[in-house]
Amino acid sequence: MTGTYVVVGAGLAGAKAVEMLRAEGFTGRVVLIGAEPDLPYERPPLSKGYLLGQDDRASVFVHDEKWYAEQDIEVRTGQRVTALDRAAHEVELDGGERLGYTKLLLATGSSPRRLRVPGNDLDGVHYLRRLSHADRLREALAAGGRVVVAGAGWIGLETAAAARHYGCEVTVVEPSPSPLHAALGPEVGEYFAKLHRGHGVDLRLGVGVTGFAGDKEVTAVRTDAGEIPADVVIVGIGARPETQLAADAGLAVDDGICVDAGLRTEDPDIFAVGDVASVWHERYERRIRVEHWAAATNGGPAAARAMLGQEVVHDELPYFFSDQYDAGMEFTGWFPPGGYDRVVTRGEPDAFHAFWLSGGRVVAGLHVNRWDEGLDAVRQLILSGQTVDPDRLADPSRPLDATA
């Protein structure tokens, strides 16, 4: 098969897509375009091992420059696609160059949601999305001092743990009643509240940020409950999918770029994957957008196969992992906000499974430090759709695959 296959977005999903194109025998031209100056890299280390100083910089990259050359893949870093002309089958780059495509994959990812408050542009206010962001934040944390984290989501909590690793004084401000309130609900959110407070974090729940104080550099965070001194501020309040290119081209967009289970848009020659894709899941009878690592790792190859005309159904259970202090966590499944009626836990306070039930069926589950059992049986419970006995599910003496 020949032609020109263009991938817009040189992140993990894009890198995995071009890798699969070559693995499946595509011999045409492959062009990978990324706005960042770096080769494609994995983002989880930016708030985990790399931020902690445990991983070196080279370890985050998906492939080195030599690999792309050997695979005859054109990698254009530091270039932004500014327009998509569907009729002409062309994309336009920020320098004015127009590049034709036979098939196009949009893997434009997401960007941090910004706090629109006074002082947002002060030095010392950090957002974490890019490798360059992690470089600056790691240097700031290593200098020590007072760190205020706005947001108790995954990024907020992981960066708070990193700040404590460097010996910083850490305050986390979150308007919700518990950490990870939207993602996990209050029952399991309370575990993470205790975890961080146990490691010396001043966790202030039900408190919103109203602004940042300082002249050129931030000196304090203003909240609706008072002012908090700060040398470093980290804002982690979620991410926004980069859908503008698709929307301007007339492609359907909701929370992300709308695609079917095969990652195809309504344009037969354009596909979308990763953080930016709102994917139809037959299991949930709706589209959902998953921002996590597994969506890129598994979705990139799936999109490549779909671009090659193969029948693809990308319906894997959403998966996420997190490391905070000595707590390692894995989560799988999905439910909308408030989309469960009970949480069942089994195990010890610091090593346990949790299950979210709806109508007596497991819709999501996680484990914390239960690597012996992990998530395999949890996945099977979710996929089976079987009704479970909550008492048996909570009993650690019974195997997870015998809870019906």
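The values are calculated or read from the model by the stated rules, or taken from the named source; none is laboratory data. Keep in mind it's a predicted model, so treat the numbers as computed, not measured. Every residue, glycine as well, gets a Cβ built from its backbone with ideal geometry; the counts of neighbours run over all protein chains shown. Just so you know, the surface numbers come from the protein's heavy atoms only, side chains and all, with ligands and any DNA or RNA stripped out. Shrake-Rupley method; radii C 1.70, N 1.55, O 1.52, S 1.80 Å.
For the chain, with all protein chains present and a 1.4 Å probe, just round the carbon and sulfur fraction of the accessible area to a whole percent.
Within the chain, the accessible surface is 46 percent carbon and sulfur.
Put a dot 7 Å past each Cα toward the Cβ at residue 117 and residue 143; how far apart are the dots in nm?
Rounded to a tenth, the inter-label distance reads 2.1 nm.
Using the Karplus curve 6.51 cos²θ - 1.76 cosθ + 1.60 with θ = phi - 60°, what ³J(HN,Hα) values do you get for each residue of segment 202-208, in whole Hz, with x for Gly and Pro?
The phi angles translate into 7, 9, 10, 9, x, 10, x Hz.
Per-residue HN-Hα couplings for segment 167-174, Karplus 6.51 cos²θ - 1.76 cosθ + 1.60 at θ = phi - 60°, whole Hz, x for Gly and Pro?
3J(HN,Hα) across segment 167-174, in whole Hz: x, 6, 7, 10, 10, 10, 10, 9.
Amide H neighbours of residue 41 under 5 Å, at least 5 residues apart or on other chains, H built in the peptide plane: list them.
12, 62
If you take the square roots of the eigenvalues of the alpha-carbon gyration tensor of segment 317-370 and sort them as a ≥ b ≥ c, do you get rounded (a/c under 1.5), prolate (a/b over b/c) or oblate?
Note, shape of segment 317-370 comes out oblate.
Give me the extension gain from residue 315 to residue 269: residue separation times 0.36 nm, minus the current Cα-Cα distance, reported in nm with one decimal.
14.5 nm
Pull up all non-local amide H partners of residue 328: gap of 5 or more, or a different chain, and H-to-H distance under 5 Å with H placed in the peptide plane.
Those lying under 5 Å, H to H, from residue 328 are 369.
Convert 4 °C to kelvin, take the viscosity as 1.567 mPa s, use the Kirkwood radius over C-alpha pairs of segment 1-101 as Rh, and evaluate the Stokes-Einstein diffusion coefficient in µm²/s, rounded to a whole number.
Reported coefficient: 89 µm²/s.
Output ³J(HN,Hα) for segment 160-166: one whole-Hz value per residue in order, computed from phi by the Karplus curve 6.51 cos²θ - 1.76 cosθ + 1.60 with θ = phi - 60°, and x for Gly and Pro.
4, 5, 5, 4, 5, 4, 7
Calculate, in nm to one decimal, what residue 80 and residue 401 gain on full extension: separation in residues at 0.36 nm each, minus their alpha carbon distance.
Length gained between residue 80 and residue 401: 110.7 nm.
Which residues among segment 8-52 fall inside the zone where the amide N is under 11 Å from a point 7 Å beyond the Cα of residue 260, along Cα→Cβ?
None, by backbone N distance to the label point.
What is the set of long-range amide H partners of residue 234 at a cut-off below 5 Å, with H atoms built 1.01 Å from backbone N?
126, 148, 149, 150
Calculate the length of the line joining the C-alpha centroid of segment 314-337 to that of segment 3-56, in whole Å.
22
Taking only protein heavy atoms into account and a 1.4 Å probe, give the accessible area per residue of segment 251-302 in Å².
Using a 1.4 Å probe on heavy atoms only, each residue of segment 251-302 averages 36 Å².
Antiparallel as a % of all DSSP beta bridges within the chain, to the nearest 5?
60
Using a 1.4 Å probe, what is the accessible area per residue for segment 334-404, in Å²?
About 49 Å² of surface per residue is accessible.
Once you have a ≥ b ≥ c as the square roots of the Cα gyration tensor eigenvalues for the chain, tell me rounded if a/c is under 1.5, and otherwise prolate or oblate according to whether a/b is larger than b/c.
oblate
Placing +1 at every Lys and Arg Cβ and -1 at every Asp and Glu Cβ, with all other atoms neutral, what dipole size does the chain have around its Cα centre, in debye to the nearest 20?
400
What spacing in nm lies between the two simple spin-label points modelled at residue 225 and residue 286, each 7 Å away from Cα in the Cβ direction?
Roughly 3.1 nm, to one decimal.
If each of residue 23 and residue 59 carries a label point 7 Å out from its Cα toward its Cβ, how far apart are those two points in nm?
2.3
Write down the accessible area per residue of segment 18-100 in Å², having rolled a 1.4 Å probe over the full set of protein chains.
For segment 18-100, the per-residue accessible area is 48 Å².
Looking at the square roots a ≥ b ≥ c of the eigenvalues of the Cα gyration tensor of segment 256-404, which shape do they give, rounded for a/c under 1.5, prolate if a/b is larger than b/c, or oblate?
prolate
So if I take the centroid of the Cα atoms in segment 172-250 and the same for segment 104-153, what is the distance between those two points in Å?
That distance is 11 Å.
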